[in-house]
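Input: a single structure, listed below in structure tokens.
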């Protein structure tokens, strides 16, 4: 049986599955760098191993930033 992943407010997105769920439910995601929000909260439209593409068109590097619901 497959376990469903739920996103909770304040949860950090780490795994590819976390990003897939965030895309599927169109969750508003905050991109943070060194404790500061670097972009307005937005939904994710795509990702790969190196970066995240936000719905506002910005591309944010995964390694240098943290992503929160």
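List of remarks:
- Here residue 10 fulfils each of the conditions (1) surrounded by 12 or more Cβ atoms within 10 Å (Cβ to Cβ); (2) out of contact with any helix residue (DSSP H, G or I) (no Cβ under 6 Å at 6 or more places or on another chain); (3) in contact (Cβ under 8 Å) with a residue 24 or more places away in the chain apart from (1).
- Test result for residue 3, modelled with pLDDT under 95 and exposed (fewer than 15 other Cβ atoms within 10 Å of the Cβ): yes
Okay, residues lined up against (1) surrounded by 11 or more Cβ atoms within 10 Å (Cβ to Cβ); (2) in a loop (DSSP other than H, G, I, E, B):
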{"residue": "19", "(1), (2)": "yes, no"}
{"residue": "22", "(1), (2)": "yes, no"}
{"residue": "30", "(1), (2)": "yes, no"}
{"residue": "39", "(1), (2)": "yes, yes"}
{"residue": "49", "(1), (2)": "no, yes"}
{"residue": "63", "(1), (2)": "no, yes"}
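The values are calculated or read from the model by the stated rules, or taken from the named source; none is laboratory data. Just so we're clear, the structure is a prediction, and the values are computed from it rather than from any experiment. Neighbour counts are summed over all protein chains in view; Cβ atoms, including those assigned to glycine, are modelled from backbone coordinates with ideal geometry.
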